[in-house]
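Asker: Attaching a single structure in structure tokens format; questions to follow.
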Amino acid sequence: MDRKTPSVSDVVLADPDDIDPTLGRLERQLEDDDEPVTAVENLEERLAIALEGADYDGENPAVAVAGAVALYLAAHPGELDADRDAEGVVQRAVRAQWRGDTPGFVDDWLAGR
């Protein structure tokens, strides 16, 4: 099966229903970024700039998790398939991002979802 290389906007699955204004800001910053993730010289830096722009204080756990998911999906584009297990993707992304040392505010947010 041929898979298209995802773009930056493809991996930022922040808030499609625009419920959280901070996540909406993140999504709007990157929604037109059609550059393939494999062509971005430093994806982590590009996402960090967008994350900071959306959540200036760095205290919104949803934004932190959205960043983790974006990096995870960029590294695992097969997980973008429509039949993916969204909760499983979040769990794997959090595990990959923080390597078992997840910040408390993220743990609390995940537990309350």
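The values are calculated or read from the model by the stated rules, or taken from the named source; none is laboratory data. The model shown is predicted, which means the values in this text are computed figures rather than measured ones. So basically every Cβ, Gly included, is an ideal-geometry build from the backbone, and we count neighbours across all protein chains shown. Remember, those area values only see protein heavy atoms, side chains included, never the ligands or the DNA or RNA. Shrake-Rupley method; radii C 1.70, N 1.55, O 1.52, S 1.80 Å.
Asker: Note down the net charge around Val94, summing +1 for each Lys or Arg and -1 for each Asp or Glu among other residues with Cβ under 12 Å from its Cβ.
Answerer: Local net charge: +1.
Asker: If you don't mind, there's one more thing I want to ask. What is the sum of charges around Glu35, taking Lys and Arg as +1, Asp and Glu as -1, for the other residues whose C-beta is under 11 Å from the C-beta of Glu35?
Answerer: Here the charged neighbours net out to -4.
Asker: Within the stretch 1-88, which trypsin sites (Lys or Arg not before Pro) sit in a loop by DSSP and count at most 15 neighbouring Cβ atoms inside 10 Å?
Answerer: Here the sparse-neighbourhood loop sites are Arg3, Lys4, Arg84.
Asker: Right, next: Which of Gly78, Gly53, Gly100 ends up with the largest GNM mean-square fluctuation for the chain, with Cα atoms connected below 10 Å?
Answerer: Evaluated over the chain, the most mobile residue of the options is Gly100.
Asker: Residue by residue through the stretch 108-113, which ³J(HN,Hα) values in whole Hz follow from phi under the Karplus form 6.51 cos²θ - 1.76 cosθ + 1.60 (θ = phi - 60°), with glycine and proline marked x?
Answerer: So the Karplus estimates, Gly and Pro as x, are 4, 5, 5, 5, x, 7 Hz.
Asker: Also, quick follow-up: For the stretch 54-113, would you read off the P(r) tail past 18 Å as a percentage of all alpha carbon pairs?
Answerer: Everything past 18 Å amounts to 32 percent.
Asker: Within 11 Å, Cβ to Cβ, of Ala74, how many net charges do the neighbouring residues add up to if Lys/Arg are +1 and Asp/Glu are -1?
Answerer: -2
Asker: Let me ask something additional. At 1.002 mPa s and 20 °C, plugging the Kirkwood radius over alpha-carbon pairs of the chain into Stokes-Einstein gives what diffusion coefficient in µm²/s?
Answerer: 150 µm²/s
Asker: What FRET efficiency do you get for Ala48 and Asp108 if R0 is 22 Å and r is their Cβ-Cβ distance, rounded to the nearest 0.05?
Answerer: 0.45
Asker: Now a separate question. Restricting to DSSP H runs of at least four residues, report the calculated mean residue ellipticity at 222 nm for the chain, -39500 (n - 2.57) per run over all residues, nearest 500 deg cm²/dmol.
Answerer: Estimated from H runs of four or more residues: -16500 deg cm²/dmol.
Asker: Something else now. Exposed loop sites here are GluC sites (Glu not before Pro) in DSSP loop states with at most 13 other C-beta atoms within 10 Å. What is the longest stretch of the chain lacking them?
Answerer: Value returned for the longest uninterrupted segment is 60-113.
Asker: Continuing with this model, one more query. Could you provide, to the nearest whole Å², the per residue accessible area of the stretch 1-107 with probe 1.4 Å?
Answerer: 59 Å²
Asker: Leaving out ligands, DNA and RNA, what percent of the accessible area of the chain is carbon and sulfur, probe 1.4 Å?
Answerer: Carbon and sulfur together cover 46 percent of it.
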